[in-house]
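Beneath this line is the structure, given in structure tokens, with notes to follow.
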Amino acid sequence: MWDQRKTVWSLSTIACGVMLLLSAPTFAQIPNSYDKAFNWYLNAAKAGNPQAQFFLGLQYEQGLRGPANLQLAFKWYKAAAEQGHTQSQYKLALASYTGIGVPQNAEIAAGWFLKAAQGGLTPAQYNYALMCETGNGAAMDKKQAAHWYEKAAESKHTQAAINLAMLYARGDGVELDKTQALKWLIIAEGNGALVSPPVLETVKEGMISDEISKAETMAQAMLEPK
């Protein structure tokens, strides 16, 4: 299951983002029109501010100033991404994978997903793990897949938790460990996923009651609010 989450930004959200570009702004400094806000973004983006470059890309992508212009949108996303802006990296990764706005290239997509994953973006961690597991765009590496699934699962990505559980259940890229497999399935359910009873029963098959209790205890510890 491919994660294609996209951040949806309203006009008001983008306008409020101007505040991020300023150091200690006063109320009088806040732009009183969309055109002024856009010009602030443009000037800040040209000066190298990655957050401004990202918001400028959004405006061009969503057509908030006339027709959408994907070429300009991804020009600014790339400028921000090269400075480590994770949301821009994720935008480029999705675009490169789908071929929307930029040439389709799964290997380039994997590179941007990895950068965004390393920056802590949960959907990117899941997508890069999936590419590592399947060998689509990245070298097949089940150990790396397990690593990034776990990172995403720790941030409540339920499909990542399920996929990680299956790796443990098969001993694929990790040591076979049904206690860990069951733990991650319980965590996925606790975070809202629907795990089919046959999958749960297959994982539990052959486990003793102490192992099941241990899995439940570890899962509950991770599900408790910190």
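For the reader, a short list of remarks on this structure follows.
- Scan of the stretch 156-171 for residues that are part of a loop (DSSP other than H, G, I, E, B), without any contact (Cβ under 8 Å) to a residue 40 or more places away in the chain and surrounded by 15 or more Cβ atoms within 10 Å (Cβ to Cβ), ordered by number: 156
- Single unsatisfied condition, residue 173 versus (1) over 16 Å from the mean Cα position of the chain (by Cα); (2) within 17 Å of residue 199 (Cα to Cα): (2)
- Residue match in the stretch 99-120 (condition: assigned to a loop (DSSP other than H, G, I, E, B), under 10 Å from the mean Cα position of the chain (by Cα) and closer than 20 Å to residue 164 by Cα): yes
- For the residues 137, 192, the requirement of being on the phi > 0 side of the Ramachandran plot, surrounded by fewer than 16 Cβ atoms within 10 Å (Cβ to Cβ) and at pLDDT 95 or above singles out 192.
- Positions within the stretch 128-157 being in contact with a helix residue (DSSP H, G or I) (Cβ under 7 Å, 6 or more places away or on another chain), acidic (Asp, Glu) and more than 27 Å from residue 99 (Cβ to Cβ), in sequence order: 150
- Selection status of residue 92, within 29 Å of residue 147 (Cα to Cα) and buried (at least 22 other Cβ atoms within 10 Å of the Cβ): yes
- Any hit, the stretch 123-145, residues being part of a helix (DSSP H, G or I) and more than 26 Å from residue 165 (Cβ to Cβ): no
- Selection of first residues in the stretch 69-86 that are at positive phi and of second residues that are of a type outside the set (Lys, Arg), restricted to Cβ pairs under 9 Å at least 6 apart or on distinct chains, gives the following pairs, ordered by first then second residue: 84/50; 84/119.
- Considering only residues in the stretch 43-63 that are more than 26 Å from residue 114 (Cα to Cα) and loosely packed, with under 15 Cβ neighbours inside 10 Å, the one that is modelled with the lowest pLDDT turns out to be 63.
- Selected residue (only one of 207, 218 is farther than 24 Å from residue 132 by Cα, in contact with a helix residue (DSSP H, G or I) (Cβ under 6 Å, 6 or more places away or on another chain) and not in a helix (DSSP H, G or I)): 207
- The single condition among (1) loosely packed, with under 12 Cβ neighbours inside 10 Å; (2) charged (D, E, K, R); (3) at pLDDT 95 or above that residue 214 does not meet is (1).
- In the set 73, 117, 109, 81, only one residue is farther than 26 Å from residue 41 by Cβ, in contact with a Leu (Cβ under 8 Å, 6 or more places away or on another chain) and not polar (S, T, N, Q); that residue is 109.
The values are calculated or read from the model by the stated rules, or taken from the named source; none is laboratory data. Note that the structure is predicted; figures quoted are calculated from it, not measured. As a convention, Cβ positions derive from the backbone with ideal geometry for all residues, glycine included, and neighbour counts pool all protein chains shown.
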